[in-house]
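Visitor: Okay, handing you the structure first.
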Amino acid sequence: MSILIDEKTRLLVQGITGGEGSFHTQRCIEYGTKVVAGMTPGKGGTQVSGVPVFNTVESAVKETGANASIIFVPPAGAADSIMEAADAGIALVVCITEGIPVMDMVNAYSFLKGKPVRLIGPNCPGLISPGKCKVGIMAGEIHKQGNVGVVSRSGTLTYETVAQLTGFGIGQSTCVGIGGDPLLGTNFVDILKLFQEDKDTHAIVLIGEIGGTMEQEAAQFIKERVSKPVVSFIAGASAPPGRRMGHAGAIISGNTGKAQDKMAALSAAGAIIAPNPAEIGITVKKALK
Amino acid sequence: MKIHEYQAKALLSQYGVPVPAGDVASTPAEAKKIAAGLEGKVAVKAQVYAGGRGKAGGIKLAADAAEAEKSAAGIIGARLITHQTSAKGAPVGKVLVEKVMEVRRELYLSIVIDNARKMPVMIASEAGGMDIEEVTRTSPEKILKVHIDPAAGWQDFEGRKLAYGMNLSTAQVKPAVKLMANLYRLFREKDCSLAEINPLVITADDKIMALDAKLNFDDSALFRHDDIRQLHDPAQDDPFEARASEMGIKNYIKLNGNIGCMVNGAGLAMAVLDLINFCGGNAANFLDIGTVNNTNAVVSAFKVFTADPDVKAILVNIFGGMARADTIARGIIEAYQQIDIKVPVVVRLAGTNVTEGKRLLAESRINYIEAADFLDAARKAVAAAKGGRD
């Protein structure tokens, strides 16, 4: 098993005709993802990589039965795309776009409230259930099907982690990049809950970073509800306070958001902290023994 | 994005939030003229992005215009070092000359986005004029909050909750509620990330006004606010960061160490800093090169490194995903052709098109140090920066 996406996922690509949209549509198809529809207003009736393009999400869902969507729409229109997907009844919306105005996302979250939709991201690499389905921009070939669930705020640091795991022959059930923004649709606790319930996930890797208190909330949840081993690394222990480290959400403000506090909370909750980012794989290997 | 206090006050005033009378001066003579037009005592305030100006000598009180001129002469052109600036301090190009108000009470008012609740929150406190984090820690009961429904917008009852909560008199409540509504309108219309008035004061003649103000803006929303973008003062930027930005390198932060780092992805870039630290070294910068589809960005990054005298070694760590390792390799080779690179360069490539990237580097005959993996790369860079090869 895996979480959120598998062979039954029928993917819609919003912004499929753009450079990134068309490139990653092709890569997802090559990986084995069932990409059933694309959507770009004004491009309805055309095709990208053999995938039919629609003018609205509503018509795409009606014609193809799409149940998940990935968004490559530029920042100014991305919040609108998220709301359109939710309005059309899409259950899983993955927003890759980086740099969406915060106030647009505030409005989008207000719109999503009460609707049966899960948003992953924005500003995320997406997710992959190795061997089954890829809804994201990660290189599929570094992954290996298996039993470790990975959840992370970062893209490339997740690739690094996954490569370390695969290098030790440790496969992954699902890898979820929840995104680097301060306002995220899905947080660590949401994913931990799903991994804890997934019987094919035997251990969990949690990659956090400076900024906010999401890791502390994860620590609380791990302490109370997670019985599987959790290995964690928090990026940014050497980051200066008050500076935004690339990700909009990665900033130490005052006394909030320090890597050391997050590590201490996770460690106290029973998680194993990798001593450095090059030793996440070996730490998982030891934890699985 | 940050702006100066005088700019924030101009915006507040435009939105109907009262501020003390005053104006901005670039020369002591201008400061004198402004002071002469204001009655009584004036404050001469250094305009830098950092807080803690008062303690650092960046705010002077002057009894008359002549004294204001003298104070301004001492501040303008100097560098102000506060607990929030670097050791070199921030350059002062302008001062705000402002009428000194007789203050009866100091309050606090701000709006930020509550990331957990995903909505704006207005924070008010009776304990104004102090570090609000300190108040939150020592007297949390003095911190009042109302969350603002983005769909319904600001409601006056929310303002009354805060105003009565701060023990304002009946006469003060109405203008306070109006001020709060105006502050939210500004926050919303200009895509602020922080709108903070500290202190918000009640004057001796019972007026409510913003004595100091700080407005920060959402960088992601600047594309729709040309007026705000133009308020940016490049003199306040770190010179290396400003140069990097001019060359199209956006996610660059100057740090105190001596290893220039080029990494793709913010999380991995932070992890590289941590790993260098773990290996006993220090990075000269944070740099997320992002998704590189052409070699220009790589060459530009090398130009930024070689212009920085602190950089004693360069570490390139790329895990190709969206970015491709062969493009990075081509960029490194071009950089060697275009620039005189005197410091050792450690390269670790992985991911998309890594075989091609490694082949290009190997055949190029450039004098780089190849790293097998993440840890190896950090170790070799730390050793190289110390002058020896691992």
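The values are calculated or read from the model by the stated rules, or taken from the named source; none is laboratory data. Being a predicted model, the structure only gives us computed values, none of them experimental. Quick reminder, even Gly has a Cβ in these numbers, built from the backbone with ideal geometry, and neighbours come from all protein chains shown.
Visitor: Taking segment B:319-351, which residues are under 27 Å from A:Cys28 (Cα atoms) and among the β-branched types (Val, Ile, Thr)?
Guide: B:Thr327, B:Ile328, listed by residue number.
Visitor: Turning to a different aspect of this structure: Filter segment B:159-175 for residues that are over 32 Å from the mean Cα position of the chain (by Cα) and outside any helix (DSSP H, G or I) and give the result.
Guide: If the condition is that a residue be over 32 Å from the mean Cα position of the chain (by Cα) and outside any helix (DSSP H, G or I), then B:Asn167, B:Leu168, B:Ser169 are the ones that fit.
Visitor: Something else about it: Given the conditions (1) more than 22 Å from B:Leu109 (Cα to Cα); (2) free of Cβ contacts under 8 Å to residues at least 40 places away in the same chain, report the number of the one that B:Asp219 does not fulfil.
Guide: Only one criterion in (1) more than 22 Å from B:Leu109 (Cα to Cα); (2) free of Cβ contacts under 8 Å to residues at least 40 places away in the same chain is unmet by B:Asp219, namely (2).
Visitor: Here is a list of conditions, (1) within 24 Å of B:Cys261 (Cβ to Cβ); (2) at the interface with chain B (Cβ under 8 Å from one of its Cβ atoms); (3) assigned to a loop (DSSP other than H, G, I, E, B), and A:Leu183 meets all of them except one; can you say which number that is?
Guide: It fails just one condition, (1).
Visitor: Kindly establish whether B:Ala195 is closer than 22 Å to B:Glu98 by Cα, of a type in the set (A, V, I, L, M) and either within 14 Å of another protein chain (Cβ to nearest Cβ) or touching a Lys or Arg at 6+ places or on another chain (Cβ under 9 Å) (or both). So that I can check it myself, show each step before the final result.
Guide: Values: closer than 22 Å to B:Glu98 by Cα: yes; of a type in the set (A, V, I, L, M): yes; either within 14 Å of another protein chain (Cβ to nearest Cβ) or touching a Lys or Arg at 6+ places or on another chain (Cβ under 9 Å) (or both): yes.
In short, yes.
Visitor: Among the residues of segment A:82-103, which ones are surrounded by fewer than 24 Cβ atoms within 10 Å (Cβ to Cβ), not aliphatic (A, V, I, L, M) and not in a loop (DSSP other than H, G, I, E, B)?
Guide: A:Glu84, A:Asp87
Visitor: With a cut-off of at least 3 residues that are of a type outside the set (A, V, I, L, M) and not assigned by TED's automatic domain parsing to the domain that holds B:Ile208, name the helices (runs of 4 or more DSSP H) lying wholly within segment B:1-116. Reasoning before the result, please.
Guide: Details: elements: B:5-14, B:28-37, B:65-75.
Counting at least 3 such residues, we get B:28-37, B:65-75.
Visitor: Can I ask one more? So is B:Thr291 more than 8 Å from chain A (Cβ to nearest Cβ) and touching an Asp or Glu at 6+ places or on another chain (Cβ under 8 Å) or not? Lay out the reasoning, then the answer.
Guide: Working: more than 8 Å from chain A (Cβ to nearest Cβ): yes; touching an Asp or Glu at 6+ places or on another chain (Cβ under 8 Å): no.
The answer is no for B:Thr291.
Visitor: In the list A:Glu224, A:Glu217, which residue meets the criterion of being facing chain B (nearest Cβ under 9 Å), part of a helix (DSSP H, G or I) and either in contact with a helix residue (DSSP H, G or I) (Cβ under 7 Å, 6 or more places away or on another chain) or surrounded by fewer than 17 Cβ atoms within 10 Å (Cβ to Cβ) (or both)?
Guide: Checking each option against the conditions leaves just A:Glu217.
Visitor: Then there's this: Conditions first: (1) of a type in the set (Asp, Glu); (2) over 14 Å from B:Val292 (Cβ atoms); (3) within 14 Å of chain A (Cβ to nearest Cβ). B:Asp326 passes all but one, so which condition is the exception?
Guide: The number of the failed condition is (2).
Visitor: Continuing with this model, one more query. Are any of the residues in segment B:319-342 in contact with a Leu (Cβ under 8 Å, 6 or more places away or on another chain), modelled with pLDDT of 95 or more and not in a helix (DSSP H, G or I)?
Guide: Looking for residues that are in contact with a Leu (Cβ under 8 Å, 6 or more places away or on another chain), modelled with pLDDT of 95 or more and not in a helix (DSSP H, G or I), one finds none in segment B:319-342, hence no.
Visitor: When segment A:130-156 is examined, which residues are found to be away from chain B (no Cβ under 14 Å) and out of contact with any strand residue (DSSP E or B) (no Cβ under 6 Å at 6 or more places or on another chain)?
Guide: A:Lys132, A:Cys133, A:Lys144, A:Gln145 - these are the residues of segment A:130-156 that are away from chain B (no Cβ under 14 Å) and out of contact with any strand residue (DSSP E or B) (no Cβ under 6 Å at 6 or more places or on another chain).
Visitor: Same structure, new question: Mind checking which residues of segment B:194-246 are in a helix (DSSP H, G or I) and of a type in the set (Ser, Thr, Tyr)? If you could, list the steps in order and put the result at the bottom.
Guide: Filtering segment B:194-246 for residues in a helix (DSSP H, G or I) gives B:219-224, B:226-229, B:234-236, B:239-246.
Those that are in a helix (DSSP H, G or I) and of a type in the set (Ser, Thr, Tyr): B:Ser220, B:Ser245.
Visitor: Right, something else. Tell me whether segment B:52-67 contains one or more residues that are modelled with pLDDT under 95, surrounded by 16 or more Cβ atoms within 10 Å (Cβ to Cβ), closer than 30 Å to B:Asp218 by Cα and basic (Lys, Arg).
Guide: Yes, that holds for at least one residue.
Visitor: Search segment A:245-261 for residues being more than 8 Å from chain B (Cβ to nearest Cβ) and part of a loop (DSSP other than H, G, I, E, B), and hand back the single one that is surrounded by the most Cβ atoms within 10 Å (Cβ to Cβ).
Guide: Looking at the filtered set, the residue picked out is A:Gly257.
Visitor: Can you pull out the residues in segment B:223-236 that are within 14 Å of chain A (Cβ to nearest Cβ) and either crowded, with 16+ Cβ neighbours inside 10 Å or aromatic (Phe, Trp, Tyr) (or both)?
Guide: B:Phe223, B:His225, B:Ile228, B:Gln236
Visitor: Taking the options B:Asn353, B:Asn317, name whichever one is of a type in the set (S, T, N, Q), within 14 Å of chain A (Cβ to nearest Cβ) and closer than 25 Å to B:Leu255 by Cα.
Guide: Values: B:Asn353 fails: closer than 25 Å to B:Leu255 by Cα.
Of the residues listed, the single one that is of a type in the set (S, T, N, Q), within 14 Å of chain A (Cβ to nearest Cβ) and closer than 25 Å to B:Leu255 by Cα is B:Asn317.
Visitor: Select from segment A:126-140 the residues that are of a type outside the set (A, V, I, L, M) and either touching a Phe, Trp or Tyr at 6+ places or on another chain (Cβ under 8 Å) or modelled with pLDDT under 95 (or both) and list them in ascending order. Let's see the steps before the verdict.
Guide: Taking segment A:126-140 first, the residues of a type outside the set (A, V, I, L, M) are A:126, A:129-134, A:136, A:140.
A:Cys133, A:Lys134, A:Gly140 - these are the residues of segment A:126-140 that are of a type outside the set (A, V, I, L, M) and either touching a Phe, Trp or Tyr at 6+ places or on another chain (Cβ under 8 Å) or modelled with pLDDT under 95 (or both).
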